[in-house]
Amino acid sequence: MGEGKFVWTALPPLPLRGLASELVESIDYYVLRMSWTTGWSLSQIMGLLASSNGRSGSGQRLRCYRTDEEAERLVLSMEKLAGVPHLRCGTLLPLKDIIGRKAVSGWRGTPRRWCPLCYKRWDATTDWEPLVWSIPHISRCPIHRCLFSDKCPRCGAKQPGDRAIATRCLCRKCKASLGADGSFAKQSKLHAWVDTQVLSLVNFCAEPSQQVLSADVLSELMSGLKAKANGRNRIDLLGTAVSWSDPGNAPSPLSIRALVNLSAFQGVPVVDLIMRPREAMEAPLLDLWSGSHWIASPFARNEDPVKHARWLARRLLDDRSLRYIPPISILAKDSRVSLIKLREFDPEVYAWYVHAYKRQCGPSLRQARERAFLVALKCLENLDISGRSHHYFWWLPAEIEKKSHVDRSDADVAFYAAMRYVRLLARALKHSERLSMVTNSNRWIESAPSPASPLAAT
Ligand SMILES: [Zn+2]
Ligand SMILES: [Zn+2]
């Protein structure tokens, strides 16, 4: 806008707050502010944006993590109607050709989070909700260093994402303030590192001069990764680490989690990874099997069965006395989680288990043992095994041998494995109460187990 020249815009020209910083305002909050300033409802504003694109769409919402074409059109309309450039800096759109549509949302969408200390000192006329609050992998407020909160401190209620600014800092249910003193659990080096990486990604997007990154970056990352994976025969594992299911096909977009994982494996900052993908991929790959860390899905609650399933898988892998482990599909079914969810939650344990399962013996022996294992499970179903060792059931292997047509030695192996499995499964299903006592930080970042399984080593 030239000096002295006045231009009418359909919406008031509210600038995006925190531009060019890691604390840039999220587009979600910007729209709420627009609604607060104009008195228009969210639906009315969204309807206006959509109709300026010749569409209808008052039910749409702008979300900072949306990177689809429709979202991009809506952001551009908002820039035009408000006469404010760079609103896309309040979104992840500069990464749209690299990250996928579900870059940050989980199975249930991204829950609303806030910093309790920020809310405690909130002034709606000058404050804003930063984009980073919506990125689940960062666990604490960059200003106050306290953990984010996602429920009312008094009644525990979750809060709707679109709540209007006037009442936004109050619980929707009990009307208590959502502001609080915040909790300051100790942060591990890994947590701190992940926080820094996520902030640097946001800072990257918040820079007005930043162009949308080219899709070539993704191809470079994938081809670099593929070359490494081939060299080390670890293609499955690397594939699951970055949710890369079909390495033969065109590269599929990454999630923020995959991007940060990849930068952890490469030992380079995530911004270097996207700015100089080829060079970054030339750095040596850190060895995934030597107790390295990575981010699992942050969305699983402590009581989520997927955690029990993962626990069970780890225990089976760690048990040096076992000479047979069942297929992961049996484990998932018994723990009442889907395979996809288990893999998504902890790709490393998943890949590690599948690897150990395949490597334990040849396919025909595995088949025979699986048959015997299932028969053994069936037999154990009707027996009370609590407090009894496997010697107590000395007669059972003979029965398993007969029913499943395997050698006695395989019947023994399967029987012993089934006894252990049934016990561990029972503990896994009872695990939720204990798990909820584990520090909350586990919810955000999971560390991989140490590679001590005898099965993995065979
Ligand atoms: Zn704060
Ligand atoms: Zn409440």
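Partners of LYS96 within straight-line reach, counting lysines whose Cα lies under 28 Å from its Cα and excluding those fewer than 8 residues away in the same chain: LYS80, LYS226, LYS228, LYS341. Backbone geometry of the stretch 185-198 corresponds, through the Karplus equation with coefficients 6.51, -1.76 and 1.60 at θ = phi - 60°, to 3J(HN,Hα) couplings of 4, 4, 9, 6, 4, 5, 4, 5, 5, 4, 4, 4, 5, 5 Hz, x marking Gly and Pro.
Would you please give the FRET efficiency between SER43 and ARG423, computed as 1/(1 + (r/R0)^6) with r the Cβ-Cβ distance and R0 = 51 Å, to the nearest 0.05? List each step's numbers first, then the result.
Values: r = 55 Å, r/R0 = 1.08.
That pair, SER43 with ARG423, gives E of 0.40.
Per-residue Cβ neighbour counts within 10 Å put CYS155, CYS379 in the sequence CYS155, CYS379, beginning with the fewest. Here the 3J(HN,Hα) profile of the stretch 125-140, calculated from phi with Karplus coefficients 6.51, -1.76 and 1.60 at θ = phi - 60°, is 6, 10, 8, 8, 8, x, 4, 4, 4, 8, 9, x, 6, 9, 9, 9 Hz, Gly and Pro shown as x. The value obtained for the stretch 10-91, namely the Cα convex hull volume divided by the number of residues, is 76 Å³ per residue.
Roughly speaking, what is the stretch gain from ALA283 to GLU72, that is 0.36 nm per residue apart minus the C-alpha to C-alpha distance, in nm to one decimal? All intermediate terms of the calculation are to be shown ahead of the outcome.
Details: separation 211, 0.36 × 211 = 75.96 nm, distance 3.42 nm.
So the chain would gain 72.5 nm between ALA283 and GLU72.
Less than 5 angstrom separates the built amide H of LEU254 from those of ILE99, GLY100, all sequence-distant by 5 or more or on a different chain. Label separation (LYS158 vs SER188): 2.6 nm, computed from points 7 Å beyond Cα along the C-beta direction. The packing ranking, built from the mean of other Cβ atoms within 10 Å per residue, places the peptides 20-29, 417-426 in the order 20-29, 417-426, highest first.
Listed by chain and number, the lysines placed with their C-alpha closer than 26 angstrom to that of LYS173 are LYS120, LYS151, LYS158; residues fewer than eight positions away on the same chain are left out.
Straight Cα distances below 16 angstrom link LYS402 to the lysines LYS378, with same-chain residues fewer than 8 positions distant left out.
For the stretch 355-416, applying the loop criterion from DSSP together with a ceiling of 15 other beta carbons within 10 Å to the trypsin sites (Lys or Arg not before Pro) yields ARG388.
Throughout, read-outs are computed from the coordinates displayed, never taken from laboratory work. Values in this document were obtained by computation on a predicted structure and should not be read as measured data. Cβ sites come from the backbone with ideal geometry, for glycine too, and all protein chains shown count toward neighbours.
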